[in-house]
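Below is one structure, written out as structure tokens, with a few remarks after it.
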Amino acid sequence: MTNLQNALEYAKQNRERFLNELNEVLRIPSISTDAEYKGEVQRAAEWMANHLKKLGMENIEIMPTDNGGHPVVYGDYIRKPGAPTVLVYGHYDVQPADPLELWESGPYEPQVRGDLLFARGSSDMKGQVLATFDAIESVMNAGKLLVNVKFLLEGEEEIGSKHLEPFLRKHAEKFKADVSLNPDAGMMGIDMPTITYGLRGLAYMEVHVWGPKADLHSGLYGGVVHNPAQALTELVAKMHDEKGRVTLPGFYDSVRAISEQERADFARLPNDDKHYLDETGVPALWGEEGYIPAERTGARPTLEVNGLLSGWTGRGSKTVLPAQAMAKISCRLVPDQNDDVVVEQMKRFMEENAPKTIKWEVKKLTGSPFAIADLNNTGVKAMRNAMESVWGTRPFYRREGGSIGAVAMLQQICGVESVLVGMGLPSDNVHSPNEHLHLPTWHKGIDAFIHFFYNMG
């Protein structure tokens, strides 16, 4: 038998132990958003560090982040000069389990029912992290690792990785690698291995509009004072044209075109019109002309109103002409857009379109950069071949509509592109009660990671 075959057999023989180890860490309620659980987050970090030590990893550290943030766990195994270095990214924190009454078993009491393992963090993403551990253990048991590895395991992904950017800027050299293996994504179905090669960025802002110095009686002043709520909604309505395109000045100037190969890959995805109609319950779809839904949600920029606030919204009637109005607006960004530039484009839009009857202000709340990997890079090719070997079918390629902060940070600060994969399924109830992991797919994922490390070597 070859070393690859021995590694796959080792993983098969140790499935029960791998599951037991996963259950151990799932029992730790490492909820990063709640200060009451800070000790449990620390305990999860220590568990990860101890497990890396058991694997034979070296230079293991539990590294503090600024302002008392949750720590980053580091470890490496640099034994092959000149060989590729794979940075394994993961997070050990989890979402709160509320509402507890909707769980059929305790969120931190792992339970297998049929093919499913139920527990908070089973899919997102302790199960995915341990799949990389188990793959590396299997490869090392069968022979030598043919690549160098590093680990970046953070404890704040579920709260926006808020201390990770300054941490990476301080330690950028430590986390340099040829590619990052990030299993924090998922598959579109049990038999649909998926590689996510792009994530959209974000520009989030508030648009404030003021009129009179205080709320007015709508009977006494309506008709002579421009209502800020009306003015704002008229402005918002102008932010898209009749073809669904965003009208901020210069919004599309830097947008990278979708290649012909990408369009073929998007057309292959199962996310057709019916999929979105069934998922959302809307009577009809809407969006930018000339693009299919999968392209609109993954590879085209958008502008969405996330909230509107103005006037009287309580029960009953109050005939008020409000003094102010506010809209929360987010733009999802694609290569090669910049969040600061988009905020400036919103200000230009307001300068050109806001009437003289109101005052206004645009406030930027947050932003994050896009991330995209070259489909021809070594890591993507190695993962494509690995998935094909395990599932017997060419993986699907997709760009994800949302954002994962660490992916963009690693690319922009450390120069490391990520291979985004995972064994999570749409039905896993991630962030919801009864989160679960499909164990047969998890085992296949371990096998795919074994193939990946051999392919990279």
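The values are calculated or read from the model by the stated rules, or taken from the named source; none is laboratory data. Remember, predicted model here, so these are calculated numbers, not experimental data. Quick reminder, even Gly has a Cβ in these numbers, built from the backbone with ideal geometry, and neighbours come from all protein chains shown.
Contact annotation: residue pairs with Cβ atoms under 7 Å, 6 or more positions apart or on different chains, pairing a residue in segment 69-87 that is assigned by TED's automatic domain parsing to the domain that holds Lys54 with a partner that is in a loop (DSSP other than H, G, I, E, B) and among the β-branched types (Val, Ile, Thr), are Pro71/Thr65; Val72/Thr65; Lys80/Val147; Ala83/Val147; Pro84/Val147; Thr85/Val147; Val86/Val147; Leu87/Val416. When you look at Leu100, is it within 25 Å of Asn141 (Cα to Cα) and of a type outside the set (Gly, Ala, Ser), yes or no? In short, no.
Only a single criterion out of (1) surrounded by fewer than 22 Cβ atoms within 10 Å (Cβ to Cβ); (2) in a helix (DSSP H, G or I) is not satisfied by Asn434, namely (2).
Residue by residue, here is whether (1) part of a loop (DSSP other than H, G, I, E, B); (2) under 26 Å from the mean Cα position of the chain (by Cα) holds:
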site: Glu40; (1), (2): no, yes
site: Arg43; (1), (2): no, yes
site: Ile62; (1), (2): no, yes
site: His70; (1), (2): yes, yes
site: Pro107; (1), (2): yes, yes
site: Val112; (1), (2): no, no
site: Leu130; (1), (2): no, yes
site: Glu137; (1), (2): no, no
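Does segment 217-235 hold any residues that are of a type in the set (Ser, Thr, Tyr) and at positive phi, and which are they? None - no residue of segment 217-235 is of a type in the set (Ser, Thr, Tyr) and at positive phi, so the list stays empty. Quickly run through segment 364-423 and pick out the residues that are in contact (Cβ under 8 Å) with a residue 60 or more places away in the chain, outside any helix (DSSP H, G or I), farther than 19 Å from Ala299 by Cα and charged (D, E, K, R). If the condition is that a residue be in contact (Cβ under 8 Å) with a residue 60 or more places away in the chain, outside any helix (DSSP H, G or I), farther than 19 Å from Ala299 by Cα and charged (D, E, K, R), then Lys364 is the only one that fits. For segment 192-200, the criterion of a residue being touching a Gly at 6+ places or on another chain (Cβ under 7 Å) and farther than 30 Å from Glu295 by Cβ is satisfied by no position.
Just one of the numbered conditions (1) within 27 Å of Gly415 (Cα to Cα); (2) crowded, with 18+ Cβ neighbours inside 10 Å; (3) not assigned by TED's automatic domain parsing to the domain that holds Asn306 is not true of Leu333: (3).
Matching residues to (1) modelled with pLDDT of 95 or more; (2) in the same structural domain as Asn23 (by TED's automatic domain parsing); (3) under 24 Å from Ser32 (Cα atoms):
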residue: Gly405; (1), (2), (3): no, yes, yes
residue: Glu417; (1), (2), (3): no, yes, no
residue: Val421; (1), (2), (3): yes, yes, yes
residue: Leu439; (1), (2), (3): yes, yes, no
residue: Ile446; (1), (2), (3): yes, yes, no
